[in-house]
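Shown next, in structure tokens, is the structure this report addresses.
The values are calculated or read from the model by the stated rules, or taken from the named source; none is laboratory data. Quick caveat, the model's predicted, so the values are computed rather than measured. Don't worry about glycine lacking a Cβ; one is built from the backbone with ideal geometry, like all the others, and counts go over all protein chains shown.
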Amino acid sequence: MVGLFSRMIVATTIRMPKWFVGWVSKRYVAGPNLEGAVKIMTRLQSEGACFTIDVLGEDISSIQEAEYFLSEYVEVIKAITNNNLDANLSIKPTAFGLLIDKSKGMENIEELVTIAKQHDIFVRLDMEDHRVTSDTIQVVIDLHEKGFTNVGTVLQGRLFRTIDDINQLEQKLSSSADYRICKGIYLEPESISHTGYSQIVEATNACIDRMLDAGAYTAIASHDVPVIKHTLAALESRKMGPNIEDPRNNAGPERTHKGPGYEFQMLLGVRGPLRRKLAKQGHRTRVYIPYGEKWYEYSIRRLQENPTIGTQIAKAFIMPWTNRP
Ligand code: FDA
């Protein structure tokens, strides 16, 4: 029934006029330009949040298009510095050319990570679909080997491979591993991923435990109460928490500037009250701020990739008490 409802929403949204999609996505996208993103971050700072900034766009069709992303992210770095924002970058490796020309894509990412490092800014490689999982992880390993520890990846709880990936990264990066763990937005084939809600939650929670035990910096990116509750219990059992210096023996000296060793991350416009509650309790909370000209393509593509988003958006508008910004 929910599946049918979701498919109906997707089918109708794709046929909706652009202004309507724009009106709906206004809450989830900071706007077409960096100025709008800075405005929103300046406002949300007062809620105790820090940020990660995403220039919308991915899966480019020519390697030249990657130049736009490189130069736009350099502007983002300038804006972070000039406005004294507590923010880092989230990039899509395919927007830097990873699927078109692996070595050029890697070169582009390294160029950005180098500039970011000069400004003491962290770069998160968002995780896209399974075509680029191994390459994205490899980029992070290669950059760490070159001395860039200001870079980390995202892992997706729904994929069967993720626990093995954490083990491999623990070997390669030891305590400088820095993850974002999420359920994974892409509906991957049954042969490589969990597909049921409870299995995905269980697998994601197991990954969170494994990351915490590996001494890694762990950013939990979820709005789902069972995942957040599990995380709070996992932190407590490891004597981790707000304003406590990371007590893990294997957290290592690289961790010292990373506070308590974990943070919560949420998307702009989603479950604000929950984020503010966590911030009030003293947890570090980070908001994902997407902006860019490609807001329309981004909104439609997200819906096509995962129709349950359609249900969540509809729920947020019809029953606003379930998801306040
Ligand atoms: P779930 O989908 O069960 O949502 C729980 C509740 O939150 C819903 O019932 C609803 O109320 C609300 N909600 C969640 N999403 C909503 C939305 N879009 N609109 C309205 N309400 C919504 N994935 C990936 O594959 N690669 C990546 O790099 C990232 N990066 C990333 C960064 C950050 C900061 C976040 C929060 C998430 C991601 N994701 C991601 C997406 C992630 O994998 C996952 O698809 C979504 O977070 C939804 O899963 P939840 O754990 O929030 O649970």
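Within segment 206-230, how many residues are more than 11 Å from the ligand (Cβ to nearest atom) and either under 25 Å from residue 122 (Cα atoms) or without any contact (Cβ under 8 Å) to a residue 12 or more places away in the chain (or both)?
Looking only at that region, the number is 13.
Could you tell me which numbered condition residue 165 fails, if it satisfies all but one of (1) in contact (Cβ under 8 Å) with a residue 40 or more places away in the chain; (2) closer than 30 Å to residue 247 by Cβ; (3) charged (D, E, K, R)?
Going through (1) in contact (Cβ under 8 Å) with a residue 40 or more places away in the chain; (2) closer than 30 Å to residue 247 by Cβ; (3) charged (D, E, K, R) one by one, residue 165 breaks only (1).
Looking only at segment 96-111, which residues are among the aliphatic types (A, V, I, L, M) and assigned to a helix (DSSP H, G or I)?
If the condition is that a residue be among the aliphatic types (A, V, I, L, M) and assigned to a helix (DSSP H, G or I), then 106, 109 are the ones that fit.
Within segment 182-192, is there a residue that is among the charged types (D, E, K, R), in contact (Cβ under 8 Å) with a residue 24 or more places away in the chain, over 19 Å from residue 241 (Cβ atoms) and surrounded by 23 or more Cβ atoms within 10 Å (Cβ to Cβ)?
Among the residues of segment 182-192, not one is among the charged types (D, E, K, R), in contact (Cβ under 8 Å) with a residue 24 or more places away in the chain, over 19 Å from residue 241 (Cβ atoms) and surrounded by 23 or more Cβ atoms within 10 Å (Cβ to Cβ), which makes the answer no.
Working only within segment 176-200, note down all residues that are assigned to a helix (DSSP H, G or I), within 11 Å of the ligand (Cβ to nearest atom) and in contact with a Ser or Thr (Cβ under 9 Å, 6 or more places away or on another chain).
Within segment 176-200, just 200 meets the criteria.
Any residue at all in segment 52-68 that's within 18 Å of the chain's Cα centre (by Cα), over 21 Å from residue 219 (Cα atoms) and at pLDDT 95 or above?
no
Applying the selection to segment 125-158, what residues are touching a residue at least 60 places away in the same chain (Cβ under 8 Å), touching a helix residue (DSSP H, G or I) at 6+ places or on another chain (Cβ under 7 Å) and not small (Gly, Ala, Ser)?
128, 149
When you go through 79, 87, 66 one by one, which is the residue that is buried (at least 21 other Cβ atoms within 10 Å of the Cβ) and either under 27 Å from residue 163 (Cα atoms) or away from the ligand (no atom under 16 Å from the Cβ) (or both)?
Every option except 66 fails the conditions.
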